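This report concerns only the one structure given below.
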Amino acid sequence: MQVSKNLADQSNRTEYYQHCRALAQAKRHEYSVVTASLNLLVMARIYKKEGIAIDRRKLKGNRIKAAYYCDAGECSVLLNTTPPREPRLFALAHELKHHYLDQEKIMNGQVECGDYNANEFIEKGAEVFAAEFIYPEMEMRQLIGQMGITSLSCTAQTIVEFKRACPACISYTFIVKRFVRFRLCQRETFSKVQFTKLEEQIYGLPIYKRDSFKRARARKKAKTLQ
């Protein structure tokens, strides 16, 4: 599926992003995606049906999260397994957009996947697609309304509470970007907030970070090596 030339023109940014969002909605419907159950395993199944191989590698750092390749009809995505699951899921959804809309350009060498500075227009479209595919704006707005969140009540703790109530596998970065888009906060408002640490301060360490869990896991590993 290729986007029309006039729609891909940067003068039509709004229409292009709307197209990316509509495509994400259509693909969610096609694959019967349910927000609460969308995870890396479900995404891998979608990739298999699309005929896209996933090359999982543990790369140093988080600069490269994923990259889409297509040569002679053979499509694959390099996935960095170092980042947490939320950015990995987003990266896989991001690369799906390239598969649907940018495949021909990538095959012809007109676009280099991941080069955000050179292809900001196309990469931003992939972000729009991925965000809508993982957590549709309508669903997010409904939860915001149910929780009574407004621009006057939006604090760092509000964002922590939203993430804990949210059914989608999304990061704090995702939430803040959407909240900025929905005009619930300013882009710089939470730039210095370490949300994971704040969540741990409020609700305590998650089980996998607790010493008792680490000791139990170490004992189990030791037994398997005997």
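The values are calculated or read from the model by the stated rules, or taken from the named source; none is laboratory data. Computed from a predicted model, the values in this text were never measured in an experiment. SASA here: full protein model, heavy atoms, side chains in, ligands and nucleic acids out. Shrake-Rupley method; radii C 1.70, N 1.55, O 1.52, S 1.80 Å.
Numbers for the structure displayed
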item	result
Listed pairs Lys124/Lys177; Lys58/Lys192; Lys105/Lys177; Lys177/Lys197 exceeding 22 Å between Cα atoms	Lys58/Lys192; Lys105/Lys177
Solvent accessible area, Å² - Ile170, 1.4 Å probe, full protein context	10 Å²
Nearby aspartates and glutamates by direct alpha-carbon distance to Lys163 (threshold 14 angstrom, same-chain neighbours under 8 apart not counted)	Glu86, Glu139, Glu199, Glu200
